[in-house]
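Quick notes on the structure that follows.
The values are calculated or read from the model by the stated rules, or taken from the named source; none is laboratory data. The structure displayed is predicted, hence computed values, not measured ones. Here Cβ is always computed from backbone atoms with ideal geometry, including for glycine, and neighbour counts include all displayed protein chains. With ligands, DNA and RNA removed, areas are computed over all heavy atoms of the protein, side chains included. Shrake-Rupley method; radii C 1.70, N 1.55, O 1.52, S 1.80 Å.
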Amino acid sequence: MVKISVLQHNPALHVPIRPGDPTPVQRNLNPSMHPFAKARERTRALNAAKLDKIFSKPFVDSLEGHIDAVEVLTKPLESLTTVASGSWDGGLILHNLHTRSEMLKLPQAHKGKISGLCFADPKGSRLLSCGVDRNVRLWKVGTGDGEDDSGASSQEPLHVYPWKTSFNSIDHHRSDPLFATASSTVQIWDETKSAPVSNLTFPTSNETVSSVRFNLAEPSVLASVGSDRTFTLYDIRTGKAERRVVMQFRSNALAWSPTLPTMALLASEDHNLYTFDVRHMAAPVQIYKGHVAAVMSCEWAPTGVEFVSGGWDRTVRIWSSREAGGKEKGPGGREVVYHTKRMQRVTSTIYSSDARYVLSGSDDGNVRIWKAKASDKLGVITARERASMEYRESLVKRWSVDKDVGRVLRTRHLPKSVYKAGQLKHTMLEARRVKDERRRKHTRAGEQKPVAEKKKTIITEQS
């Protein structure tokens, strides 16, 4: 009898070959058979870095509709497509990022500049706005997600909260019907009452509060920055200011980290950004240098890994919070800089809820949409394309310390005015450093000790 063995077919081992795919080749993985493997990998990394620069087209679109400078941008927590913007002309526009259209337009929401916007609920069905007309208005708006938009938008406010002074900023509590406003003091309001339920201020303080934000993890804690160069922490349970620090320069904006509850980001007039751990406020955790004019806005990405800033140098910059000051959002060694010829001074910046896009509002009245990663492809990406992109990204990260690859990654194009201002700023800072070094050299030993850069930013800490 003859025995016949039958080979079993395993469909898992069969990889279908599409038309145009290269013929599979069997490779010997023995390292001794590939003496030039590292040289080939370096060449691929260099080409990947160049391709990343070639395909870097960050600008996506511009949302028009305002006739004056865009002062503030905000988004709801649970919506991917809704963004609200407020302008100096008192106009309020609700944008849909998916269709890039206007969902709601209120040309005269306030008489004068709108200085603050925030959504009153996570889904974005109600919107709070404040301005220099000394009023806070509560609006009913649509989310644009198609869930509950029937008759949602209204041209008349649901409620108006008048006060004696103009407002500079506003923020809503995460869960309770409370919101905080910033004027000469920080005030806590209840949505059901027409007057503030409490006033929060630091003793002997005579400041104008420019920005106020509730903590994302502990909503009872909020922070503010003011015109007297202070960064202050409050607790609405005790009804008073707990701690504050006085800095060398005033801060213009404030943002809490979504992943590290104790980390706060400040945008300062001295062209820098600072991250503070509120448990240890004697010195900032990190200083981020790069802007050549006052930084007017800052916002964390929902991932908590990057943040975006905008300033009077007419640039939008994306930073990595995991790196030291002045590092890029990825391999390379510098922050990512976005700019256009027509964009004027940037007054507000935010991330989209999916962290894929960055939005900026500027003095020219436009809300611009940028890619969070300049070389990202818009549209459908196949599995083969994604694998190729991840392979190139890993190559660039591995070879970023190489001289040529690093040079390509660090190369960036800046406006001539920004470049010259940066060179002048570098010269002045270097002259200051040399002057301090010579002063210490020609004084008695031990009389003057060098002070860390982080220590110089804080004048005093008060509690």
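Values as computed for the structure displayed
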quantity: Near pairs, Cβ below 7 angstrom, 6+ apart or cross-chain, from the stretch 410-422 (within 23 Å of S400 (Cβ to Cβ)) to any residue that is open to solvent by 100 Å² or more (accessible area, probe 1.4 Å) and at pLDDT below 90; calculated: R410/R334; R412/R334
quantity: Residue in the stretch 13-24 that is in a loop (DSSP other than H, G, I, E, B), over 30 Å from A301 (Cα atoms) and either at pLDDT 90 or above or open to solvent by less than 50 Å² (accessible area, probe 1.4 Å) (or both) present; calculated: yes
quantity: Qualifying positions in the stretch 254-270 - of a type in the set (A, V, I, L, M) and either assigned to a loop (DSSP other than H, G, I, E, B) or open to solvent by 10 Å² or more (accessible area, probe 1.4 Å) (or both); calculated: L260, M263
quantity: Of residues in the stretch 223-246 being of a type in the set (K, R) and open to solvent by 20 Å² or more (accessible area, probe 1.4 Å), the one nearest to H173 (Cα to Cα); calculated: R237
quantity: Qualifying positions in the stretch 182-208 - more than 27 Å from the chain's Cα centre (by Cα) and of a type in the set (G, A, S); calculated: S194, A195, S198, S205
quantity: Residues being among the β-branched types (V, I, T), within 22 Å of K123 (Cα to Cα) and either in a loop (DSSP other than H, G, I, E, B) or open to solvent by 30 Å² or more (accessible area, probe 1.4 Å) (or both) - total across the stretch 171-222; calculated: 1
quantity: The stretch 362-390 residues that are within 19 Å of A45 (Cβ to Cβ), paired with ones that are surrounded by fewer than 19 Cβ atoms within 10 Å (Cβ to Cβ) and not small (G, A, S) (beta carbon under 7 Å, 6 or more apart); calculated: A374/K57; S375/F55
quantity: Any helices (runs of 4 or more DSSP H) falling wholly within the stretch 387-463 and containing at least 3 residues that are over 20 Å from K38 (Cβ atoms) and either open to solvent by 70 Å² or more (accessible area, probe 1.4 Å) or of a type in the set (D, E, K, R) (or both); calculated: 416-441, 453-456
quantity: Subset of the stretch 276-289 (residues that are touching a strand residue (DSSP E or B) at 6+ places or on another chain (Cβ under 8 Å) and either buried (at least 23 other Cβ atoms within 10 Å of the Cβ) or over 24 Å from L359 (Cα atoms) (or both)); calculated: F276, D277, V278, M281, A282, A283, P284, V285, Q286, Y288
quantity: Candidate set: the stretch 358-386, residues that are of a type in the set (K, R) and assigned to a loop (DSSP other than H, G, I, E, B); chosen: the one nearest to the chain's Cα centre (by Cα); calculated: K373
quantity: Residue that is most open to solvent (accessible area, probe 1.4 Å), among those in the stretch 61-80 that are among the hydrophobic types (A, V, I, L, M, F, W, C) and more than 17 Å from the chain's Cα centre (by Cα); calculated: I67
quantity: Within the stretch 136-170, tally of residues that are modelled with pLDDT of 90 or more, charged (D, E, K, R) and surrounded by fewer than 16 Cβ atoms within 10 Å (Cβ to Cβ); calculated: 1
quantity: Residue identified as surrounded by 21 or more Cβ atoms within 10 Å (Cβ to Cβ), of a type outside the set (F, W, Y), within 21 Å of the chain's Cα centre (by Cα) and not in a strand (DSSP E or B) among G124, G86; calculated: G124
quantity: Residue check, Y351 open to solvent by 50 Å² or more (accessible area, probe 1.4 Å) and at negative phi; calculated: no
